[in-house]
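Enquirer: Could you have a look at this structure, given as structure tokens, before my questions?
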Amino acid sequence: MTKAAVIGLGTMGPGICATLARAGLTVAAFDLSAEQCARAPAMVDMATQVLEKLGVNLVPGGSVGIVESLDRAVAGADLVIENVPEKLELKREIFTAICRVAGDGAILASDTSGIPITDIQAGMANPGRIVGMHWSNPPHIIPMIEVIAGRETKPDTVDWMKAFARRIGHLPVVIRKDVPGFVENRVLYSVMRECVDLVERGVIDAQDLDTCVSWGIGYKLAVVGPMSLLDMAGLDIYNAVGSYLNRELCDRADVAPYVTERVAAGRLGMKTGGGIYDYTPEGIAALRDERARKLVAVRRILQE
Ligand SMILES: NC(=O)C1=CN([C@@H]2O[C@H](COP(=O)(O)OP(=O)(O)OC[C@H]3O[C@@H](n4cnc5c(N)ncnc54)[C@H](O)[C@@H]3O)[C@@H](O)[C@H]2O)C=CC1
Ligand SMILES: Cc1ncc(C(=O)O)c(C(=O)O)c1O
């Protein structure tokens, strides 16, 4: 397999392109926005530099080209990765367009954060080749990729995706049931819901919460996974603490005003210069560099 198509060049697309090219693939990328297409080459270069620092397997000959249409990107591709916004109807529109152009043998993947693959593939041509390929941000640094089969996904497609993830130097995890949010985001969003609730209720301020979690459970979980941590702490401890604490945890089914109010005000975070914290363009560049450097250093240790 040599050609991949990446549809969508926002937060995730450029890092995915760089990772594929690093593995020797010819990548054709497309985004509806001319502005995103214009900024993409610099973002791909930044990710490529990080991959060089990581020393991730280099297969010579890879490249990334930005093309002028989805059809041009998808034509002749062995793998297509959809990376458009998290809206089911939009993703279905994109997959319908992809299926019109893609070869019968092409694998069609969605980087959806948690929309069931079954819902994306329903009614599509040759749905057995459609699979979830959920990367984590930043995609060129975080190696774990969730592989999710929808109801109609062929087992061969899952096997292919597992092997492909390894081929590009990543770590595939097969999610056995096509549940909303899969696994990573169900865990992440339960943590995020509790964190937002604690800050919103004034139990702790945002900066101290980040310190508490990053240097506490975040640091520990990077080395000791949750199931192993239960054995390390003792299931009796979990049993005792959970017996009174579980009923106290945030269980809201909606999104906290702490978030919805900021979204309504256009304060989306780094992408708008401010969200929970405020940022300057220089500060964002410095943060991105520092975070990439630290993530690379931690990944090197964790891979020992
Ligand atoms: N941001 C994150 O941390 C992660 C996001 N994801 C998922 O990946 C997908 C993409 O997420 P982001 O990159 O963050 O979104 P984004 O909003 O940053 O980028 C989406 C890109 O898609 C483009 N686009 C919109 N409609 C299009 C169309 N019809 N044809 C071609 N391009 C189109 C937009 O111009 C934009 O550049 C979403 O499903 C998201 O849930 C997955 C893992 C992590
Ligand atoms: C806030 C948030 N939401 C979704 C994702 C994802 O994995 O889809 C991430 C991420 O870190 O990748 C995220 O931070």
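Enquirer: For region 183-246, state the average projected area of the convex hull of the C-alpha atoms over all orientations, rounded to one decimal in nm². Before the final figure, lay out each step's value.
Expert: Working: hull surface 19.4 nm².
About 4.8 nm², averaged over all directions.
Enquirer: Angle, helix 34-54 long axis vs. longest principal axis of the chain, Cα atoms, 0 to 90°, nearest 10?
Expert: Its long axis makes an angle of about 70 degrees.
Enquirer: Around ASP254, what is the net charge, scoring Lys/Arg as +1 and Asp/Glu as -1 over all other residues with Cβ under 14 Å from its Cβ? Spell out each step's value before the answer.
Expert: Details: positive: ARG193, ARG252; negative: ASP197, GLU200, ASP251, GLU261.
Net of charged neighbours comes to -2.
Enquirer: Considering Cα pairs under 8 angstrom that are at least six residues apart, work out the relative contact order of region 3-175 and quote it in whole percent.
Expert: Details: 371 pairs, mean separation 36.8, N = 173.
Value for region 3-175: 21 percent.
Enquirer: What is the chain by shape, rounded, prolate or oblate, if you read a ≥ b ≥ c off the alpha carbon gyration tensor as root eigenvalues and call it rounded for a/c under 1.5, prolate for a/b larger than b/c, and oblate otherwise? Intermediate results must be reported in sequence, preceding the final value.
Expert: Details: a/c = 1.56, a/b = 1.42, b/c = 1.10.
Prolate shape, in that a/c is at least 1.5 and a/b is the bigger ratio.
Enquirer: Moving on. How do 184-192, 246-254 rank on mean C-beta neighbours within 10 Å, highest first? Write out the running numbers ahead of the final one.
Expert: Working: 184-192: 14.8, 246-254: 9.1.
Ranked from most to least packed, the peptides come out as 184-192, 246-254.
Enquirer: Quick check: the angle from helix 13-22's long axis to the longest principal axis of the chain, C-alpha only, nearest 10 degrees?
Expert: With rounding to tens, the tilt is 60 degrees.
Enquirer: Another question about this same structure. In the structure shown, do any of LYS91/LYS154; LYS162/LYS294; LYS162/LYS271; LYS91/LYS294; LYS3/LYS271; LYS53/LYS162 have a Cα-Cα gap over 23 Å, and if so which? Show your work: numbers first, answer last.
Expert: Values: LYS91/LYS154 20 Å; LYS162/LYS294 27 Å; LYS162/LYS271 32 Å; LYS91/LYS294 34 Å; LYS3/LYS271 30 Å; LYS53/LYS162 25 Å.
In this structure, LYS162/LYS294; LYS162/LYS271; LYS91/LYS294; LYS3/LYS271; LYS53/LYS162 lie more than 23 Å apart at Cα.
Enquirer: Next question. Please state the shape class of region 202-295: rounded when a/c is under 1.5, otherwise prolate if a/b exceeds b/c and oblate if not, all from the C-alpha gyration tensor. Could the numbers behind the result be given before it?
Expert: Values: a/c = 3.17, a/b = 1.50, b/c = 2.12.
Verdict is oblate for region 202-295.
Enquirer: Summing Lys, Arg as +1 and Asp, Glu as -1, what charge do residues with Cβ under 13 Å from the Cβ of LEU245 carry, LEU245 excluded?
Expert: Its environment carries a net charge of -2.
Enquirer: Let me ask another. Please tell me the relative contact order of the chain in percent, rounded to the nearest whole number, where contacts are Cα pairs under 8 Å and at least six residues apart.
Expert: Working: 459 pairs, mean separation 40.1, N = 304.
In percent, rounded to a whole number, it is 13.
Enquirer: Quick one: what do you get for region 27-128 if you divide its Cα Rg by 2.2 N^0.38 Å? Can you show the working numbers first?
Expert: Working: Rg = 14.9 Å, N = 102, 2.2 N^0.38 = 12.8 Å.
Here the answer is 1.17, to two decimals.
Enquirer: What FRET efficiency comes out for ALA206 versus ARG166 if R0 is 35 angstrom and r is the Cβ-Cβ distance? Round to the nearest 0.05.
Expert: Working: r = 38 Å, r/R0 = 1.08.
Efficiency at R0 = 35 Å is approximately 0.40.
Enquirer: Within 14 Å, Cβ to Cβ, of THR118, how many net charges do the neighbouring residues add up to if Lys/Arg are +1 and Asp/Glu are -1? Intermediate values should be presented prior to the final figure.
Expert: Numbers: positive: LYS91, ARG92, ARG151, LYS154, ARG176, LYS177; negative: ASP119, GLU152, ASP178.
Summing Lys/Arg as +1 and Asp/Glu as -1 gives +3.
Enquirer: Suppose R0 equals 25 Å; then what is the FRET efficiency for LEU88 and LEU188 from their Cβ-Cβ distance, rounded to the nearest 0.05?
Expert: Values: r = 20 Å, r/R0 = 0.80.
Efficiency, rounded to the nearest 0.05: 0.80.
Enquirer: Under a point-charge model restricted to the Cβ atoms of Lys and Arg (+1) and Asp and Glu (-1), what is the dipole moment magnitude of the chain relative to its Cα centre, in debye to the nearest 20?
Expert: Working: 32 positive and 37 negative charges, 133 e Å.
I would put it at about 640 debye.
Enquirer: Roughly how many nanometres apart are two label points built 7 Å out from the Cα toward the Cβ at ALA75 and VAL173?
Expert: Each label point lies 7 Å from its Cα, and together they span 4.0 nm.
Enquirer: May I ask you to derive the FRET efficiency for TYR258 and VAL59 from their Cβ-Cβ distance with R0 = 51 Å, giving the value to the nearest 0.05?
Expert: On the way: r = 45 Å, r/R0 = 0.88.
For TYR258 and VAL59, the calculated efficiency is 0.70.
Enquirer: Here's a follow-up. Kindly provide the Kirkwood hydrodynamic radius of region 102-164 in Å, to one decimal, from all pairs of distinct alpha carbon atoms. Can you show the working numbers first?
Expert: Details: mean 1/r = 0.0843 Å⁻¹.
The Cα-based Kirkwood calculation yields 11.9 Å.
Enquirer: Quantify how much of the Cα-Cα distance distribution of region 131-287 extends past 21 Å, in percent.
Expert: Numbers: 7637 of 12246 pairs.
Percentage above 21 Å: 62.
Enquirer: If you wrap a convex hull around the C-alpha atoms of region 3-175 and split its volume per residue, what is the figure in Å³? Walk me through the numbers before you get to the answer.
Expert: Working: hull volume 16.2 nm³, N = 173.
Cα convex hull per residue, to the nearest whole number: 94 Å³.
Enquirer: How much length is gained on full extension from ASN137 to ASN239, taking 0.36 nm per residue of separation minus their Cα-Cα distance? Write out the running numbers ahead of the final one.
Expert: Numbers: separation 102, 0.36 × 102 = 36.72 nm, distance 3.33 nm.
Computed gain between ASN137 and ASN239 is 33.4 nm.
Enquirer: From the helices alone, meaning DSSP H stretches of at least four residues, give me the mean residue ellipticity at 222 nm for the chain, per-run term -39500 (n - 2.57), in deg cm²/dmol to the nearest 500.
Expert: Numbers: 13 runs with 147 residues, N = 304.
Result for the chain, helices only: -15000 deg cm²/dmol.
Enquirer: Sort the following peptides by mean Cβ neighbour count (other Cβ atoms within 10 Å, averaged over residues), highest first: 223-231, 207-215, 25-33.
Expert: On the way: 223-231: 11.4, 207-215: 13.3, 25-33: 21.7.
By packing density, highest mean first, the sequence is 25-33, 207-215, 223-231.
Enquirer: Tell me, how many Å apart are the Cα centres for region 150-224 and for region 242-303?
Expert: Rounded to whole Å, the Cα centres lie 13 Å apart.
Every number here is computed from the coordinates shown, using simple stated rules; none is lab data. From a predicted model like this one, the values you see are computed outputs, not experimental measurements. Backbone-built Cβ (ideal geometry, glycine too); neighbour counts: all protein chains shown.
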